[in-house]
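Reviewing the structure listed below.
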């Protein structure tokens, strides 16, 4: 049962063997039928499978015990380790805001910060041992059998997970407390602090995301 990440839809994708046979039936609760262009040993194929919600699936994979990895297909084990790493980086606040161009517009996104050599090494090592089935995603627009490079797909997954996690956390916190009241006009010092050019660009991108 191969498992991989689809960056264009920001979802995990599974096909083939039944997840219930592997003790991962919980992942199917929110699964929806989907298709993906994958490069398999027999060539480029339009594969039928199931799309799994990113954040919920990553959270479930992240809590699988290390002892279970040996019994899982190699692609599932790979994305289980990637899920554990994504949540670890988010828990340590190793995230940074970024601005990305998506479909002709600027989008504000959170991404993992890999400035620490130990974190960068984990990503490189995990990508190095990623099996072909775990990154068999065909490159969009490619006429040959090109697929996503392991480290590029892994980085896209980590960024997508932390972005979804930070946004979900922010929504949960906002809904748990009443909106603040402004009792007085902000000081000039506060205005200068929060209205720097970089902050203004970030706020503008967020408002249109």
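Readers should treat all values here as calculations from the given coordinates under stated rules, not as data from a laboratory. Only a predicted model underlies this, so the values are computations on that prediction, with no experimental measurement involved. Neighbour counts are summed over all protein chains in view; Cβ atoms, including those assigned to glycine, are modelled from backbone coordinates with ideal geometry.
Between residue 8 and residue 35, with labels modelled 7 Å along Cα→Cβ, what's the label distance in nm to one decimal, could you check? Going by the 7 Å Cα→Cβ label model, 1.2 nm. Quick check: from the Cα gyration tensor, does the stretch 30-114 come out rounded (a/c under 1.5), prolate or oblate? The shape class here is oblate.
Estimated at 0.36 nm per residue, the fully extended path between residue 175 and residue 102 surpasses their Cα-Cα distance by 23.5 nm. How far is it, in nm, from the label point at residue 92 to the one at residue 45 when both lie 7 Å from their Cα along the line to the Cβ? Here the modelled spin labels are 3.9 nm apart. Dimensions of the stretch 3-175 along the principal axes, based on C-alpha atoms and rounded to the nearest Å, stand at 44, 40, 35, largest first. Scoring 87-94, 54-61 by mean Cβ neighbours within 10 Å over their residues and listing the highest first yields 54-61, 87-94.
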